[in-house]
Amino acid sequence: MVIQAQIVPDLEGGEPRRRAARVETESEISMRKLGCTAVDARLINISSHGFMVETDAYIEQGARVWLSLPGLPRMNALIIWARGSKVGGEFSAPIDPLDVLQVIGEKSGYAPTNG
């Protein structure tokens, strides 16, 4: 028996369901499609599993990108959705949310608490 199926995002309210809470931010970053030149982007939110950015560059759903945040190693991600200038991606491996909060905190004044 052969089953043909397609995996699609589970949509709730028009957006893919998220696995982890996201931290809102407005950080300037760079993003680069594999094999292309880096482009400027504005990080809108981020979590241990994914992110949303806004950019003037054309980034299509299914593209592989490198996301660069100051103070963190480059992060590889798959673009899950793209609507106009906003794109959402999922990291190829989860990142440490404490590192992300520390980097975002330095830019926004947010200070994570221990405990």
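The values are calculated or read from the model by the stated rules, or taken from the named source; none is laboratory data. The model shown is predicted, which means the values in this text are computed figures rather than measured ones. So basically every Cβ, Gly included, is an ideal-geometry build from the backbone, and we count neighbours across all protein chains shown.
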Count of residues meeting criterion [at pLDDT below 95, farther than 12 Å from Ile46 by Cβ and not basic (Lys, Arg)] in segment 71-83: 2
Search result, residues across segment 49-104 that are within 11 Å of the chain's Cα centre (by Cα) and of a type in the set (D, E, K, R): Glu54, Lys86, Glu90
Tally of residues being among the basic types (Lys, Arg) and exposed (fewer than 14 other Cβ atoms within 10 Å of the Cβ) across segment 75-90: 1
Output for segment 25-50, where each listed residue is out of contact with any helix residue (DSSP H, G or I) (no Cβ under 9 Å at 6 or more places or on another chain) and either outside any loop (DSSP other than H, G, I, E, B) or buried (at least 19 other Cβ atoms within 10 Å of the Cβ) (or both): Ile29, Ser30, Met31, Arg32, Lys33, Val39, Asp40, Ala41, Arg42, Ile44, Asn45, Gly50
Residue in segment 74-84 that is in contact (Cβ under 8 Å) with a residue 40 or more places away in the chain and in contact with a Leu (Cβ under 8 Å, 6 or more places away or on another chain) present: no
Residues being out of contact with any Gly (no Cβ under 9 Å at 6 or more places or on another chain) and either among the charged types (D, E, K, R) or surrounded by 14 or more Cβ atoms within 10 Å (Cβ to Cβ) (or both) - total across segment 65-74: 5
Positions within segment 58-84 being assigned to a loop (DSSP other than H, G, I, E, B) and within 20 Å of Thr25 (Cα to Cα), in sequence order: Leu69, Pro70, Gly71, Leu72, Pro73, Arg74, Gly84
